[in-house]
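Undergrad: Have a look at the structure that comes next, please.
Derivation of every value follows stated rules applied to the coordinates shown; laboratory data play no part. Keep in mind the model is a prediction, meaning the values are calculated, not measured. Every residue, glycine as well, gets a Cβ built from its backbone with ideal geometry; the counts of neighbours run over all protein chains shown.
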Amino acid sequence: MISNERRTIWPHSYYTQFFVGLVFLIIFEKAMSTATAEELLSQSEVTNAGSIVISMESYVFSPSEMTVNVGRPITLLLDNQSFLVPHNFLLDDPSGVRILEADIPSGESQTHVLTLAEPGIYSFYCDKQLLFFPTHREEGMEGRLIVQ
Ligand SMILES: [Cu+2]
């Protein structure tokens, strides 16, 4: 008798805790996103240095626009500064073909060396998504790399 009661009550309590935890995480992520997005929106940078640090936060790349030289190797340091949120860096060439796909867990960074042989506008974005919320790209996490 007693063990039957426990069997029905315990799973209910577990799912409630899980759900409350999930709601907390969603609210936390949403709350953190507003301040940073406003601070860092539409930053632009022109570089000839051959090396670019791109900071990733919820939901913005900083800088979100940069100009680089055609045919010259560039080093991208992708730095995910989010506390909890994983991001990715997807880069498409001017004809829309994916040329780089990098997953960066929260708090980590990665380095990628690229040589962009074709001039034009390359777009980059993050397509991560939490549950039913819009993708990070739809939240504003996108930018462009101008190759000339
Ligand atoms: Cu993202």
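Undergrad: For region 111-140, which positions are over 15 Å from M56 (Cβ atoms) and basic (K, R)?
TA: none
Undergrad: Here's a follow-up. Looking at T75, T67, which one is in contact with a strand residue (DSSP E or B) (Cβ under 6 Å, 6 or more places away or on another chain), in contact (Cβ under 8 Å) with a residue 60 or more places away in the chain and among the hydroxyl-bearing types (S, T, Y)?
TA: Only one candidate passes the filter, namely T67.
Undergrad: Separate question: Residues of region 80-99 being in a strand (DSSP E or B) and either surrounded by 17 or more Cβ atoms within 10 Å (Cβ to Cβ) or aromatic (F, W, Y) (or both), which ones?
TA: Listed by number, the residues that qualify are N80, H87, N88, F89, L90, L91, D92.
Undergrad: Would you say S123 is part of a strand (DSSP E or B) and either among the aliphatic types (A, V, I, L, M) or within 16 Å of the ligand (Cβ to nearest atom) (or both)?
TA: Criteria met by S123.
Undergrad: Of all residues in region 126-148, count the ones that are farther than 17 Å from L77 by Cα, among the aliphatic types (A, V, I, L, M) and within 16 Å of the ligand (Cβ to nearest atom).
TA: Of the residues in region 126-148, 2 are farther than 17 Å from L77 by Cα, among the aliphatic types (A, V, I, L, M) and within 16 Å of the ligand (Cβ to nearest atom).
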